[in-house]
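Asks: Structure below; questions to follow.
The values are calculated or read from the model by the stated rules, or taken from the named source; none is laboratory data. As the structure is a computational prediction, the values presented were derived from the model and not from experiment. Cβ atoms come from the backbone with ideal geometry, glycine included; neighbour counts cover every protein chain shown. In case anyone asks, the SASA skips ligands and DNA or RNA and just uses the protein heavy atoms, side chains included. Shrake-Rupley method; radii C 1.70, N 1.55, O 1.52, S 1.80 Å.
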Amino acid sequence: MSAPPADVQDTASHPKRDRDLLVPDDVLTDNDFDNLWDWFASAVETNVDRQLIFAKLVNSARNPYLNQCRLNLTANLFLSPTGTSYTPTKCTITAHTPGDPQPHDDGALKDLNSQFEGLKGELRHARAELATKDKEIHMLKTKVQTVSPSSAPRVAIMSVKCPDNFVQMDGSEVSSHTPDGSGSVGVQPHVAWHETFELEYYPDSIFAFKSTCFENVYLRATCDPRKLFPGDRKTSGGGVVNCQYISGGPGRCSIQEKFRIYHLGWRGWVAIEPLAFPGRYLSLDAEKRTVTLQGVRDEQERFCLVFIAS
(Lines give C-alpha, C1' and ligand atoms only; values in the text may rest on other atoms or scores of the structure.)
Protein backbone atom coordinates (compact mmCIF):
# COMPACT_ATOMS: atom_id res chain seq x y z
CA MET A 1 0.00 0.00 0.00
CA SER A 2 1.48 3.38 -1.07
CA ALA A 3 1.71 6.26 1.38
CA PRO A 4 -0.61 9.24 0.96
CA PRO A 5 0.78 12.58 -0.21
CA ALA A 6 2.33 14.95 2.27
CA ASP A 7 -0.68 17.23 2.31
CA VAL A 8 -2.90 14.28 3.19
CA GLN A 9 -0.62 13.41 6.12
CA ASP A 10 -0.79 16.93 7.50
CA THR A 11 -2.43 16.35 10.84
CA ALA A 12 -2.18 20.01 11.81
CA SER A 13 -4.86 21.05 9.31
CA HIS A 14 -6.90 17.86 9.77
CA PRO A 15 -6.43 16.70 13.39
CA LYS A 16 -8.95 13.81 13.17
CA ARG A 17 -8.05 12.71 9.69
CA ASP A 18 -4.96 10.58 10.35
CA ARG A 19 -5.59 9.43 13.87
CA ASP A 20 -5.54 5.74 14.68
CA LEU A 21 -9.19 5.20 13.83
CA LEU A 22 -9.12 1.55 14.81
CA VAL A 23 -9.19 2.47 18.50
CA PRO A 24 -12.62 1.25 19.72
CA ASP A 25 -13.36 4.43 21.67
CA ASP A 26 -12.48 6.72 18.78
CA VAL A 27 -15.94 7.49 17.38
CA LEU A 28 -16.27 10.39 14.99
CA THR A 29 -18.78 13.13 15.68
CA ASP A 30 -21.07 14.35 12.89
CA ASN A 31 -18.80 17.36 12.33
CA ASP A 32 -15.71 15.15 12.21
CA PHE A 33 -17.39 12.92 9.70
CA ASP A 34 -18.31 15.91 7.46
CA ASN A 35 -14.68 17.04 7.50
CA LEU A 36 -13.54 13.52 6.64
CA TRP A 37 -16.07 13.42 3.81
CA ASP A 38 -14.61 16.61 2.29
CA TRP A 39 -11.10 15.24 2.64
CA PHE A 40 -12.19 12.02 0.92
CA ALA A 41 -13.55 13.94 -2.08
CA SER A 42 -10.33 15.91 -2.51
CA ALA A 43 -8.17 12.81 -1.96
CA VAL A 44 -9.91 10.90 -4.75
CA GLU A 45 -9.27 13.78 -7.14
CA THR A 46 -5.53 13.72 -6.28
CA ASN A 47 -5.30 9.92 -6.84
CA VAL A 48 -4.45 8.98 -3.25
CA ASP A 49 -4.17 5.22 -2.74
CA ARG A 50 -7.75 3.94 -2.70
CA GLN A 51 -7.05 1.09 -0.32
CA LEU A 52 -5.76 3.55 2.25
CA ILE A 53 -8.83 5.75 1.83
CA PHE A 54 -11.11 2.72 2.07
CA ALA A 55 -9.44 1.50 5.28
CA LYS A 56 -9.66 4.92 6.86
CA LEU A 57 -13.29 5.52 6.04
CA VAL A 58 -14.68 2.06 6.77
CA ASN A 59 -12.76 1.66 10.01
CA SER A 60 -13.39 5.19 11.20
CA ALA A 61 -17.14 5.52 11.10
CA ARG A 62 -17.86 3.43 14.17
CA ASN A 63 -20.92 5.50 14.94
CA PRO A 64 -23.79 3.01 14.10
CA TYR A 65 -25.96 5.82 12.74
CA LEU A 66 -23.51 6.45 9.86
CA ASN A 67 -23.81 2.99 8.27
CA GLN A 68 -25.60 4.29 5.18
CA CYS A 69 -22.98 6.99 4.68
CA ARG A 70 -20.24 4.35 4.74
CA LEU A 71 -22.11 2.33 2.12
CA ASN A 72 -22.43 5.38 -0.14
CA LEU A 73 -18.75 6.26 0.26
CA THR A 74 -17.58 2.73 -0.43
CA ALA A 75 -19.77 2.36 -3.50
CA ASN A 76 -18.49 5.61 -4.99
CA LEU A 77 -14.92 4.71 -4.09
CA PHE A 78 -14.92 1.54 -6.21
CA LEU A 79 -17.21 2.75 -8.96
CA SER A 80 -15.35 5.99 -9.71
CA PRO A 81 -12.40 5.47 -12.10
CA THR A 82 -9.06 6.95 -11.13
CA GLY A 83 -8.74 10.62 -12.02
CA THR A 84 -12.47 11.17 -12.51
CA SER A 85 -14.00 14.12 -10.72
CA TYR A 86 -15.89 12.82 -7.70
CA THR A 87 -19.11 14.21 -6.22
CA PRO A 88 -19.97 12.50 -2.89
CA THR A 89 -23.42 10.97 -2.49
CA LYS A 90 -25.51 12.95 -0.06
CA CYS A 91 -27.06 10.96 2.75
CA THR A 92 -29.34 11.90 5.59
CA ILE A 93 -28.33 10.93 9.12
CA THR A 94 -31.51 10.12 11.06
CA ALA A 95 -31.63 10.74 14.79
CA HIS A 96 -31.67 7.47 16.70
CA THR A 97 -32.71 6.77 20.28
CA PRO A 98 -30.47 4.29 22.15
CA GLY A 99 -32.28 0.97 22.65
CA ASP A 100 -34.40 1.30 19.47
CA PRO A 101 -33.90 -1.21 16.64
CA GLN A 102 -31.25 -0.25 14.11
CA PRO A 103 -32.59 1.05 10.78
CA HIS A 104 -32.77 -1.48 7.93
CA ASP A 105 -32.87 -1.14 4.22
CA ASP A 106 -36.06 -2.00 2.33
CA GLY A 107 -34.89 -5.49 1.43
CA ALA A 108 -34.12 -6.40 5.03
CA LEU A 109 -37.47 -5.01 6.17
CA LYS A 110 -39.27 -7.07 3.54
CA ASP A 111 -37.46 -10.20 4.73
CA LEU A 112 -38.38 -9.45 8.36
CA ASN A 113 -42.01 -8.79 7.43
CA SER A 114 -42.12 -12.04 5.50
CA GLN A 115 -40.70 -13.95 8.46
CA PHE A 116 -43.16 -12.22 10.79
CA GLU A 117 -46.13 -13.15 8.61
CA GLY A 118 -44.86 -16.73 8.50
CA LEU A 119 -44.64 -16.86 12.29
CA LYS A 120 -48.16 -15.45 12.59
CA GLY A 121 -49.41 -18.18 10.27
CA GLU A 122 -47.68 -20.85 12.35
CA LEU A 123 -49.21 -19.33 15.50
CA ARG A 124 -52.71 -19.44 14.01
CA HIS A 125 -52.16 -23.07 13.01
CA ALA A 126 -50.89 -23.95 16.51
CA ARG A 127 -53.89 -22.25 18.11
CA ALA A 128 -56.27 -24.22 15.88
CA GLU A 129 -54.53 -27.47 16.84
CA LEU A 130 -54.68 -26.49 20.52
CA ALA A 131 -58.43 -25.82 20.25
CA THR A 132 -58.91 -29.25 18.70
CA LYS A 133 -56.87 -30.89 21.47
CA ASP A 134 -58.89 -29.02 24.09
CA LYS A 135 -62.10 -30.46 22.64
CA GLU A 136 -60.62 -33.97 22.67
CA ILE A 137 -59.48 -33.54 26.29
CA HIS A 138 -62.93 -32.28 27.27
CA MET A 139 -64.55 -35.33 25.67
CA LEU A 140 -62.15 -37.66 27.48
CA LYS A 141 -62.83 -35.93 30.80
CA THR A 142 -66.56 -36.35 30.21
CA LYS A 143 -66.05 -40.05 29.62
CA VAL A 144 -64.00 -40.37 32.81
CA GLN A 145 -66.50 -38.39 34.86
CA THR A 146 -69.52 -40.40 33.80
CA VAL A 147 -69.31 -44.15 33.52
CA SER A 148 -72.40 -45.77 32.08
CA PRO A 149 -74.37 -47.98 34.51
CA SER A 150 -73.68 -51.06 32.42
CA SER A 151 -69.91 -50.68 32.83
CA ALA A 152 -69.69 -49.21 36.35
CA PRO A 153 -68.22 -51.64 38.91
CA ARG A 154 -70.61 -53.02 41.51
CA VAL A 155 -69.58 -53.17 45.15
CA ALA A 156 -70.89 -53.97 48.59
CA ILE A 157 -69.66 -51.90 51.58
CA MET A 158 -68.62 -54.37 54.32
CA SER A 159 -67.67 -53.40 57.88
CA VAL A 160 -64.12 -54.29 58.97
CA LYS A 161 -65.02 -54.38 62.68
CA CYS A 162 -68.00 -56.65 62.12
CA PRO A 163 -67.41 -58.71 58.99
CA ASP A 164 -70.48 -59.93 57.11
CA ASN A 165 -72.31 -56.71 58.03
CA PHE A 166 -72.99 -54.48 55.04
CA VAL A 167 -74.37 -51.01 54.36
CA GLN A 168 -77.96 -51.39 53.20
CA MET A 169 -79.99 -48.73 51.36
CA ASP A 170 -83.80 -48.75 51.07
CA GLY A 171 -84.97 -46.37 48.33
CA SER A 172 -88.35 -47.96 47.73
CA GLU A 173 -90.16 -44.71 48.52
CA VAL A 174 -87.62 -42.38 46.91
CA SER A 175 -89.09 -41.04 43.67
CA SER A 176 -88.10 -37.35 43.58
CA HIS A 177 -85.37 -35.01 44.71
CA THR A 178 -85.91 -33.46 48.16
CA PRO A 179 -83.74 -30.90 50.01
CA ASP A 180 -83.09 -33.20 52.98
CA GLY A 181 -83.03 -36.48 51.12
CA SER A 182 -85.31 -39.42 51.89
CA GLY A 183 -85.33 -43.19 52.24
CA SER A 184 -83.17 -44.97 54.80
CA VAL A 185 -79.71 -46.47 55.18
CA GLY A 186 -79.02 -49.27 57.66
CA VAL A 187 -77.12 -52.52 58.15
CA GLN A 188 -77.75 -56.06 56.91
CA PRO A 189 -75.80 -59.28 57.66
CA HIS A 190 -75.90 -60.39 54.02
CA VAL A 191 -75.48 -59.09 50.49
CA ALA A 192 -78.48 -58.73 48.20
CA TRP A 193 -79.81 -56.04 45.89
CA HIS A 194 -80.29 -53.50 48.69
CA GLU A 195 -76.65 -53.88 49.70
CA THR A 196 -75.14 -53.46 46.23
CA PHE A 197 -74.00 -50.17 44.70
CA GLU A 198 -72.59 -49.01 41.39
CA LEU A 199 -69.46 -46.89 41.74
CA GLU A 200 -69.79 -43.74 39.66
CA TYR A 201 -66.49 -42.05 38.95
CA TYR A 202 -65.70 -38.32 39.16
CA PRO A 203 -62.34 -36.52 38.81
CA ASP A 204 -59.80 -36.37 41.65
CA SER A 205 -60.66 -39.79 43.14
CA ILE A 206 -64.25 -38.84 43.93
CA PHE A 207 -67.09 -41.37 43.77
CA ALA A 208 -70.85 -41.65 44.10
CA PHE A 209 -72.68 -44.79 45.28
CA LYS A 210 -75.75 -45.55 43.16
CA SER A 211 -78.25 -48.20 44.14
CA THR A 212 -78.43 -51.21 41.81
CA CYS A 213 -81.97 -51.90 43.02
CA PHE A 214 -83.64 -48.47 42.98
CA GLU A 215 -83.40 -46.40 39.83
CA ASN A 216 -81.64 -43.00 40.14
CA VAL A 217 -81.20 -43.37 43.92
CA TYR A 218 -77.84 -42.46 45.47
CA LEU A 219 -76.21 -42.64 48.89
CA ARG A 220 -76.26 -39.22 50.56
CA ALA A 221 -74.57 -37.84 53.70
CA THR A 222 -74.87 -34.53 55.50
CA CYS A 223 -74.21 -33.09 58.94
CA ASP A 224 -74.07 -29.91 60.96
CA PRO A 225 -70.33 -29.07 61.01
CA ARG A 226 -70.88 -27.06 64.20
CA LYS A 227 -71.99 -30.18 66.05
CA LEU A 228 -69.56 -32.74 64.61
CA PHE A 229 -65.95 -31.62 64.36
CA PRO A 230 -63.02 -33.61 62.91
CA GLY A 231 -61.62 -35.71 65.75
CA ASP A 232 -65.00 -36.04 67.52
CA ARG A 233 -66.64 -39.34 68.33
CA LYS A 234 -70.25 -39.22 69.43
CA THR A 235 -72.03 -42.10 71.12
CA SER A 236 -74.90 -42.12 68.62
CA GLY A 237 -72.89 -40.78 65.75
CA GLY A 238 -73.62 -37.54 63.94
CA GLY A 239 -75.14 -36.29 60.75
CA VAL A 240 -77.65 -37.98 58.50
CA VAL A 241 -76.94 -40.76 56.01
CA ASN A 242 -79.89 -41.47 53.71
CA CYS A 243 -80.85 -41.44 50.01
CA GLN A 244 -81.30 -38.87 47.26
CA TYR A 245 -83.05 -39.08 43.90
CA ILE A 246 -80.88 -37.84 41.03
CA SER A 247 -82.43 -37.89 37.55
CA GLY A 248 -80.81 -37.28 34.19
CA GLY A 249 -78.21 -40.04 34.21
CA PRO A 250 -74.66 -40.32 35.59
CA GLY A 251 -72.57 -37.25 36.37
CA ARG A 252 -75.33 -35.13 37.95
CA CYS A 253 -74.72 -35.76 41.64
CA SER A 254 -74.36 -32.80 43.96
CA ILE A 255 -71.62 -32.50 46.57
CA GLN A 256 -73.78 -34.28 49.20
CA GLU A 257 -73.82 -37.44 47.06
CA LYS A 258 -70.07 -37.47 46.44
CA PHE A 259 -67.42 -39.20 48.56
CA ARG A 260 -63.67 -39.62 48.77
CA ILE A 261 -62.33 -43.13 49.34
CA TYR A 262 -59.11 -43.33 51.38
CA HIS A 263 -57.03 -46.52 51.27
CA LEU A 264 -55.88 -47.65 54.73
CA GLY A 265 -52.87 -49.90 54.30
CA TRP A 266 -52.13 -53.03 52.35
CA ARG A 267 -55.16 -55.01 53.59
CA GLY A 268 -57.48 -53.14 51.28
CA TRP A 269 -59.41 -51.33 53.99
CA VAL A 270 -60.87 -47.95 53.15
CA ALA A 271 -62.44 -44.94 54.83
CA ILE A 272 -65.32 -43.13 53.11
CA GLU A 273 -65.43 -39.35 53.58
CA PRO A 274 -68.33 -37.12 52.40
CA LEU A 275 -66.92 -34.57 49.99
CA ALA A 276 -69.04 -31.82 51.58
CA PHE A 277 -67.72 -32.51 55.09
CA PRO A 278 -63.96 -33.18 55.20
CA GLY A 279 -62.73 -34.92 58.34
CA ARG A 280 -66.00 -36.85 58.85
CA TYR A 281 -66.40 -40.48 57.84
CA LEU A 282 -69.11 -43.11 57.34
CA SER A 283 -69.47 -45.19 60.50
CA LEU A 284 -71.28 -48.54 60.78
CA ASP A 285 -72.61 -49.71 64.18
CA ALA A 286 -73.53 -53.38 63.76
CA GLU A 287 -75.25 -53.58 67.18
CA LYS A 288 -77.51 -50.59 66.58
CA ARG A 289 -77.90 -51.40 62.88
CA THR A 290 -77.14 -47.80 61.98
CA VAL A 291 -74.89 -45.94 59.56
CA THR A 292 -73.92 -42.44 60.66
CA LEU A 293 -70.94 -40.07 60.53
CA GLN A 294 -68.02 -39.75 62.95
CA GLY A 295 -65.08 -37.37 63.12
CA VAL A 296 -62.51 -40.17 63.45
CA ARG A 297 -61.26 -43.18 61.48
CA ASP A 298 -61.36 -46.03 63.97
CA GLU A 299 -62.62 -49.59 63.54
CA GLN A 300 -66.25 -48.61 62.94
CA GLU A 301 -65.17 -46.27 60.17
CA ARG A 302 -63.16 -48.88 58.29
CA PHE A 303 -64.70 -50.77 55.39
CA CYS A 304 -63.83 -53.22 52.71
CA LEU A 305 -65.29 -52.75 49.22
CA VAL A 306 -66.37 -56.16 48.02
CA PHE A 307 -66.64 -56.23 44.24
CA ILE A 308 -69.71 -58.01 42.92
CA ALA A 309 -69.88 -59.67 39.52
CA SER A 310 -72.38 -58.06 37.18
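Asks: How would 169, 139, 158 line up by accessible area, probe 1.4 Å, largest first?
Replies: 139, 158, 169
Asks: Would you mind computing, in nm to one decimal, how far apart the modelled labels at residue 123 and residue 177 are, each placed 7 Å from Cα along Cα→Cβ?
Replies: So the two model labels end up 4.4 nm from each other.
Asks: On the full set of protein chains, 1.4 Å probe, figure out the accessible area of residue 177 and give it in Å² to the nearest 10.
Replies: 110
Asks: Moving on. Please calculate how many Å² of accessible area the stretch 134-252 carries per residue, with a 1.4 Å probe and no DNA, RNA or ligand atoms counted.
Replies: Working: 6240 Å² over 119 residues.
About 52 Å² of surface per residue is accessible.
Asks: A further question on this structure: For the stretch 115-256, what % of the accessible area comes from carbon and sulfur atoms, probe 1.4 Å? List each step's numbers first, then the result.
Replies: Values: 4490 of 8170 Å².
Ligands and nucleic acids excluded, carbon and sulfur reach 55 percent.
Asks: Let me ask something additional. Just check the stretch 159-310 against the gyration tensor rule for me: Cα atoms, a ≥ b ≥ c as the square roots of the eigenvalues, rounded for a/c under 1.5, and otherwise prolate or oblate depending on whether a/b exceeds b/c. Working shown, then result.
Replies: Working: a/c = 1.34, a/b = 1.18, b/c = 1.14.
Rounded shape, in that the Cα axes give a/c under 1.5.
Asks: Okay, next question. With all protein chains present and a 1.4 Å probe, how do 161, 234, 210 order by accessible area, largest first?
Replies: 161, 234, 210
Asks: Pulled fully out, how much extra length does the chain show between residue 267 and residue 204, if you take 0.36 nm times their separation in residues and subtract their Cα-Cα distance?
Replies: Here the segment from residue 267 to residue 204 would lengthen by 20.4 nm.
Asks: Shifting gears a bit: Find how much the distance from residue 252 to residue 235 grows on full extension, using 0.36 nm per residue of separation minus their present alpha carbon separation; answer in nm with one decimal. Could you put the intermediate results ahead of the total?
Replies: Details: separation 17, 0.36 × 17 = 6.12 nm, distance 3.40 nm.
Here the answer is 2.7 nm.
Asks: How long is the gain from residue 191 to residue 115 if the chain were fully straight, where each residue apart is worth 0.36 nm and the alpha carbon distance is subtracted?
Replies: Stretched fully, the residue 191-residue 115 segment lengthens by 20.3 nm.
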